[in-house]
Amino acid sequence: KRGLLVRSYGSGQQVKLPGPSLEKPNVYTFDTPYEFMYKDLYNKDASLYTQNGVLHMLDRNRRIKEKPERFQDSRERFDVIFTVEERIFDQVMEDLENRDKRTNEIVHVINIDVIDNPEDATLGAFMLCELGQKMEATNDLDNAIDEILTEFESKTKRTILHAVSFY
Amino acid sequence: MSENIQETIVELINQASLYGKDSVRVQHLRHVQELILRKDPSLLDNFLEEVLGFQTDKSPEVRKTIISFIEEACQHDPEVIVKVIDSLRLLLYDDNVLVQKRLIVSMITIYRLTLKWLSKSRLVDENVRSMWESMVNMKIHIIAMLDSDNDGLRTVAIKFIEMLALVLSRRTSDSIIPTSNEQDFSLNLLQDDHRILRRNKLEQEGKDVMEKLLEFTLSQHLSSVNLIAAMGAIANIARQRPDYMSRVVQTFEALQVNLPPTLVDSQVSSVRKIIKLKLLSLLKHPASFDFQPQITTLLTDLGATQAEVLKHLPKVPAESKRKITLSNSEINTKKPKMTIDDTSIFDKDDSNSSISGKGISTSGTHGSTMSSTSTSPSSPYPQHQTAIDITAADLVGKLSIGNVVDLVLVSMFLLPEKMPASFQATYTPIAAAGTPAQIEHLARLLGAQLTAAGYGKGYELMKSQQQAKPKIDDDIDEGKPIASIAGIGRDDLFPSSSADVEGKPMLPSTSGNELSDMPSTSAGITTMSTIPSVQQKKMKPFKLADAIKPIEYDEMQRMSTDSFYRILHAEDVCETAGVGHVRKKTMTSLVCLSERSFRDIYEDYIFADVRKRHDLAFAWLYQEFVYANGYLSILDPNKRKDFTKYDDTLCRLLEYLQEKPDQRDGLATIYTAVNGDIKRVILRVLENPVRDMGMGSAEILKLVENCPKGAETLITRIIHILTEKAPPSRELVEKVRDLYHKRVSDVRFLIPVLTGLDKREIISVLPKLIKLSPPVVKEVFNRLLGLNSSPETSHASPILSSELLIALHQIPSEECELKTTMNATTLCLNERSIYTHDVLAIVIQQLVDISPIPVLFMRTVLQALSFYPKMVGFVMNILQRLITKQAWKQARIWEGFIKCCQKTRPHSFPLLLQLPPPQLKHVFQTAPELREGLMRHLHSMSIGQRSLIPSSILTVIEDNSENVAPEIRIQTVPIPSLTSHEQ
């Protein structure tokens, strides 16, 4: 919507969605279509999953793409990869390091911790979007990124992890 | 089919060369690339020229596309390189950084391909030769990019060098090559007798660039991105070329304790994360077997868990090659004795200070002779044992509890005042302090530090091995002292005292002492033999007095001053060699004994960095005291106590301290002279020191007072930092105000100390303040209104929120455009938590009493009303006041009055009835709908009430024919019917 080319991925082994309690999440494999998840949860407990926003999210997602994607299985190349948890940052870095290298193009990996619930995720999305736009606006990202991130850090009082890898 | 493709390509190229959107033209060219290289590569020859034509295109995007085309073409057929080399060179020198960067990225592949192709090709003609020459030049240019100003260019240069180090070396059996690099060139593929490529030369070059890369990785000014890229590069190299494993592991060791000081907190954590990642990947490598202890220790420091480490250990049978530890222990048995000897000698000499300087320097020189003779010839180090290993091994034995305690105490003086971020982030308590493993680790840490700083036994040894391999043996045979660790500092000292030594009979006795203290090791004997041999030479023509010409006084003076300077400048070397206290004693004694010239030099030296060197001043004073008391009256037993010199010294030192040059003033001057990047760095690192100094610091106040031209941003930043957490102090406000009035008329200067100014001042600068950019204005209000400040730091603003708003209203339009003032009042009003309806009521009440009423008054009333509809009663009172004040005489107010009446119907009707007839008529003209409402209002009144209304008013209300415009008349038609209904 804001003029950025974005794709989103999961990085774990499965797709986990909140369940009736913390210990009982709904677990799906990565090749489960959103459509299926939506219907499944709707049938399980429509009011619970409407209330906690999961159905809304799935509904939005199913209109964007068919099913979730796993980062490690994607071979698309990016300029910047955002992660929202340190653990995921580590996974992404490790995956990138273990890939076959060919083109030597730079990719920046940036982590900002976002708590995994609908409210914080929305807030986080706005932050990432703002950051993304700042990066888009610069002419020479590799040279400006340090400054952008430092400024962003001091503005939002959040800690950012930032590393580079190469495709 | 081929015909068809050819036509499509021609069409696409034509379209791409037309004017159009860059992105579309890039699309066309990409399409061409795909058609040629993926569909029908035979067409490459036909179209290469045409495509290369785009290399001079205006659009950087198009030029980048051409680079990718070239790269793919070269991959497809390396012979193309000869044809495209000129384009590559042109694009390397492109004006656009992004194009340059893209080219370097492509050059990584192309250079590798070139080597591979050349190594196979038998045919080497003139074209190929000149292509290779260009390639070499480009390579040199790219390597030099490591020093570029552009972060991204540096990053890709690192990748390029990584590639160079890989292709210019050999694969070994334990190389782990990623599948994608399986086919890459390496020196194994090169024939010995190649026409242009000389294997030895290339191999040496590979080593050189690797050294450069390792050195770069450890440099202190690196950005975090560069550092991460460099770490990735050296780790890749170590995995693919395990010969470098040892050097790379060491680099990581050195790096971990020496991260660039320019990194901010979060960058430190990112970098440490990557170090961990890279070390784990190295740990997996079988060739890192010998370094497992070091790597594991580092990883533990980085917070890796035991499980993580175990997971990454390679599954190789323990094939023990423990040469290192073996040779280490050999050295260990020898080294400790040395140290003990050294210290005991120094301790002895300390008691008779007047001669200590001379004595020590001599024995020091012998010490160095010993260390080099005892080690360098006897233990030929294994090839892979490096400087850090040697220095660490050397240190292990020396790290006795006593020595470590001394080290800690000495370094106490050097501790920064505040804990550095990187330390705070990474410090973990030492669990196994004092265990052999921990001591070994400590020794390695110190070894890494010393080597990085260019000191230590290992470093010296490596250096001497490198520089003078054949020479070493000769030197030893002749018994000359060899410069080694301890030698450096003392070599500096030696000339200064040698003249005295020769003249006095001290020397034999000193060396005698030394000998009796020492078990007669071979080293001791070597020392013995060196001294007589030197002396014998001098004894032969013994008439010393004849041989020596008297030195001119000036010459003598100059020489003694020079030698004194040399001692002064040997600070670092002496510290490293552990003879800092000797140096101090030497200097103190010299200064006490000799005449003024030394004193001034010494004073200047101390006060050049008084923080670090104040101990020298104290030592000096102490020495003077000792002399004054006559404790050292060997020279003159009858000397009386004489404190004049002591007093004099004390006074001088104190005086000096007072007029100590302001160091931060110096900073400001530097600041004005450097470029933007450095300015930014200064501004960034300024925060902690400035905060520590606080606004009470006289230096800071002085700096603000003397702000040099061009350093305004610096000063502003300093003031900002100071006032971030605490209200500005009176002195600071004073200085800033002064500066503002006298020199810097930029009002932004005042913002940080706004709350320290008095109300009158604030009001007087308000017009200037609100002209600044909206975020700044917001900041100004935040400060004035005490917003965003935490409870403990909040302090009474000198201006009340109501007063501020009133002041805004009173800004005359000639000082500030009405629109600006209006925006500022809106900003205020939007702070609803501050401008509650109570505050607004006060503001409005006071404003209405001002004469003339401020232009924005009615606007504020209307806004207040829209925020707080309950204020309507209050507003009616205000409108009432306006009527008594004959508000219609002020056009703007009157306009607002009418608008307000419209908004507050029906509350405003009684008010309207109080207007004089002409004004009421005007109201109706402007807002005809009010007439209708008023009419209804009239009818709802009782007869008695109506009778109180003057008939002139009633006439105005009812008579709508006279002054009302025709189109409005239509609206008034229903009125008669209303009236009739009433009757």
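Miscellaneous remarks
- Chain A: angle of helix A:54-64 to the longest principal axis, Cα-based, in degrees nearest 10: 60 degrees
- This model, with +1 at the C-beta of Lys and Arg and -1 at the C-beta of Asp and Glu, gives segment A:20-79 a dipole about its Cα centre of some 100 debye.
- Surface composition of segment A:77-166: carbon and sulfur atoms hold 51% of the protein heavy-atom accessible area at a 1.4 Å probe.
- Exposure check, 1.4 Å probe, all protein chains in place: B:Thr713 carries approximately 80 Å² of accessible surface.
- Phi to ³J(HN,Hα) by Karplus 6.51 cos²θ - 1.76 cosθ + 1.60 over segment A:152-161, Hz, x for Gly, Pro: 5, 4, 6, 6, 9, 6, 10, 8, 10, 9
- Overall shape: oblate for segment B:794-893, with the ratio a/c of the largest to smallest alpha carbon gyration tensor axis at 1.5 or above and b/c at least equal to a/b.
- Backbone phi angles across segment B:9-15, fed through the Karplus curve with coefficients 6.51, -1.76 and 1.60 (θ = phi - 60°), yield HN-Hα couplings of 4, 4, 4, 5, 4, 4, 5 Hz in residue order; Gly and Pro are listed as x.
- Per-bin percent of Cα-Cα distances, segment B:676-827 [5 Å]: 1, 9, 19, 21, 20, 15, 9, 5, 1
- With the convex hull of the Cα atoms taken as the outline of segment A:15-64, the averaged projected area works out to 3.1 nm².
- Whole-number percent relative contact order across segment B:724-874, with pairs defined as alpha carbons under 8 Å at least 6 apart: 19 percent
- To the nearest 10, the accessible area of B:Thr296 is 40 Å² with a 1.4 Å probe.
- For segment A:77-166: rounded, prolate or oblate by the Cα gyration tensor [a/c cutoff 1.5]: oblate
- Mean Cα-pair separation over length for segment A:15-64, i.e. relative contact order, pairs under 8 Å, 6 or more apart, %: 32 percent
- Shielded by partner chains, segment B:159-189 residues - at least 20 Å² of accessible area, 1.4 Å probe, vs chain alone: B:Lys159, B:Thr179, B:Ser180
- Taken one residue at a time, the phi angles of segment B:437-442 give Karplus couplings (6.51, -1.76, 1.60, θ = phi - 60°) of 4, 5, 4, 4, 4, 4 Hz. Gly and Pro are set to x.
- Where GluC sites (Glu not before Pro) in DSSP loops with at most 16 other Cβ within 10 Å are excluded, longest remaining stretch of chain A: A:86-167
- Label-zone membership for segment A:114-142, site A:Glu85, 7 angstrom Cα→C-beta point, backbone N under 17 Å: A:114-125
- Normalised by the number of residues in segment A:77-166, the average gap of Cα pairs under 8 Å and 6 or more apart makes the relative contact order 41 percent.
- Contact surface B-A: accessible area buried, both sides summed, square angstrom, 1.4 angstrom probe: 2600 Å²
- Chain A: angle of helix A:86-98 to the longest principal axis, Cα-based, in degrees nearest 10: 60 degrees
- Each label point was placed 7 Å from the Cα along the Cα-to-Cβ direction; for B:Ser947 and B:Val408 their separation is 10.5 nm.
- Rg over Rh for segment B:36-151 works out to 0.96, both radii taken from alpha-carbon positions and Rh defined as the Kirkwood radius.
- Accessible area (Å², 1.4 Å probe, nearest 10) - B:Thr576: 60 Å²
- Taking B:Met695, A:Met57 and ordering them by how much accessible surface each has at a 1.4 Å probe, largest first, produces A:Met57, B:Met695.
- Dipole axis of segment A:77-166 (+1 Lys, Arg; -1 Asp, Glu on Cβ), positive-most option in A:Ile148, A:Thr138, A:Thr83: A:Thr138
- Exposure rank, largest accessible area first [B:Arg691, B:Arg583; 1.4 Å]: B:Arg691, B:Arg583
- Between amide H atoms placed 1.01 Å from N, distances below 5 Å from A:Val80 occur with A:His108, all of them 5 or more places distant or on a separate chain.
- Only helices enter the 222 nm calculation for chain A: every DSSP H run of n ≥ 4 contributes -39,500 (n - 2.57), and dividing by all residues gives -15500 deg cm²/dmol, rounded to 500.
- Solvent-accessible ranking of A:Arg70, A:Arg75, largest area first, probe 1.4 Å: A:Arg75, A:Arg70
- Bridge type composition, segment A:77-166 - antiparallel percent by DSSP, nearest 5: 65 percent
The values are calculated or read from the model by the stated rules, or taken from the named source; none is laboratory data. Not measured: the values here are computed from a predicted model. All Cβ positions, even for glycine, are placed from backbone atoms using ideal geometry, and neighbour counts span all protein chains on display. Areas reflect the complete protein model, heavy atoms only, side chains present, ligands, DNA and RNA absent. Shrake-Rupley method; radii C 1.70, N 1.55, O 1.52, S 1.80 Å.
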